[in-house]
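Where a number appears in this text, it was derived from the coordinates with a stated rule and is not lab data. Note that the coordinates shown come from a computational prediction; the quantities given were computed from them, not determined experimentally. Neighbour counts run over all protein chains shown; Cβ positions are idealised from the backbone, glycine included.
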Amino acid sequence: MKLLQLGWSHRASAAASREALAAVPVERVLAELKSRGVTEAVAISTCNRFELYAASALDSPPACERLLEALSELAGADVRANAEAREDAAAVEHLFGVSAGMDSLVVGETEILGQLKTSYETAKAAGMTGKRLNVLFQRALYVGKRARSETGIAAGASSVPSVAVQLAESIFGRLEGKSALILGAGAMAELAVKHLVARGAARISVANRTWERAYALAARFHGEAVRWEAAAEALVDADVVIASTGAPSAVVTRAMVASALRRRGGRSLFFIDIAMPRDVEESVHELDGVYLYRLEDLESIVAKNLSERAGAIAAARAIVQAKAAEFDAWARSLSSGRELSLRHAPRPVQA
């Protein structure tokens with residue numbers, strides 16, 4: 001049985017393909033694959049990547065083609081040309097690297113561990129995991145935790161929202177006295193609020209489709225909750241807008257921004273869109289005094305920190321490669337009738 005991986009990430013794929021795939025709920029992906037006879041699959045969808053792991057008894061080229069065809073139909077766009085495809089050992093090593101934070105926009109960030117766990121649990125609840133994928137994802141979570149605990153890969157690492165706030169700070173020089181509007185109230189929005197408060201933003205407003213979630217997040221940081229239908233009005237007073245909703249299409253339109261500009265007295269308005277699919281229509285950038293930054297614009301900030309952690313990244317890569325080789329040997333043993341054992345190595349004893 002082959003292990004197949006298809007991926008579209010911030011490192012190698014066109015944003016249009018990732019955006020089209022991100023608009024499809026993973027539950028729908030799993031249901032469609034199940035209807036097509038796929039028995040084991042886990043789909044991972046984040047702001048930086050969409051990945052599919054599937055165990056197939058078919059030869060890998062036909063299986064890959066069938067998976068790509070299904071995903072293209074679900075996305076409503078041909079995503080085949082932008083896909084990265086891996087199988088067996090290469091797929092395992094890639095997943096372990098993702099879990100360790102080595103393939104993240106912000107190397108070493110920890111959010112990916114929770115995202116992998118949620119993706120795995122969703123697939124398991126849908127009846128789409130068997131022994132191979134169960135062990136694979138349990139092992140991946142173990143490897144990700146071990147890489148962070150035994151190397152310095154997470155030292156100084158931040159998250160996409162924290163980098164977004166760094167960008168905001170670089171735009172203004174300092175955030176003291178500035179007003180920020182957050183669109184969304186999920187995990188990314190909460191991290192953005194934390195970093196804005198830490199950097200002295202004077203006023204935080206949170207708008208979300210679910211009022212209770214907006215209120216709860218704003219209240220924790222002494223901010224103001226905004227009714228979703230009043231989000232356009234809130235653009236009038238904001239200096240920076242960080243957008244991170246899970247909406248399937250843009251929630252900020254050019255017309256909405258143009259209307260707000262007429263009441264801003266010439267003040268510039270900055271959007272930082274960290275959502276996937278994207279929250280802000282690209283054409284707003286054409287309006288005078290409006291500046292739009294997206295995930296790809298954060299990469300230059302992140303790149304500055306990588307050279308300082310080269311040794312830690314190499315150490316984490318060594319763990320990933322060793323554990324991937326162990327898993328591959330175990331997977332191959334399944335068909336031999338002599339299944340090898342896979343155990344988590346004991347933690348080193350502190351002196």
- [ ] Return the only residue of ALA189, ALA168, ALA207 being closer than 29 Å to TYR53 by Cβ, in contact (Cβ under 8 Å) with a residue 12 or more places away in the chain and buried (at least 22 other Cβ atoms within 10 Å of the Cβ).
- [x] ALA189
Open item on the list: Going residue by residue through segment 60-69, is there one that turns out to be touching a residue at least 40 places away in the same chain (Cβ under 8 Å) and out of contact with any helix residue (DSSP H, G or I) (no Cβ under 9 Å at 6 or more places or on another chain)?
Closed with: yes
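Specify which of the listed residues (GLY108, GLY97, GLY127, GLY144) is buried (at least 18 other Cβ atoms within 10 Å of the Cβ) and in a loop (DSSP other than H, G, I, E, B).
Values: GLY97 fails: in a loop (DSSP other than H, G, I, E, B); GLY127 fails: buried (at least 18 other Cβ atoms within 10 Å of the Cβ); GLY144 fails: in a loop (DSSP other than H, G, I, E, B).
The conditions single out GLY108.
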TODO: Taking ARG220 as meeting all but one of (1) out of contact with any His (no Cβ under 6 Å at 6 or more places or on another chain); (2) buried (at least 18 other Cβ atoms within 10 Å of the Cβ); (3) not aromatic (Phe, Trp, Tyr), write down the number of the exception.
DONE: (2)
Task: Members of segment 13-48 found to be under 20 Å from GLU296 (Cα atoms) and not in a loop (DSSP other than H, G, I, E, B), listed by number - done: ALA15, ALA16, SER17, ARG18, GLU19, ALA20, LEU21, ALA22, ILE44, SER45
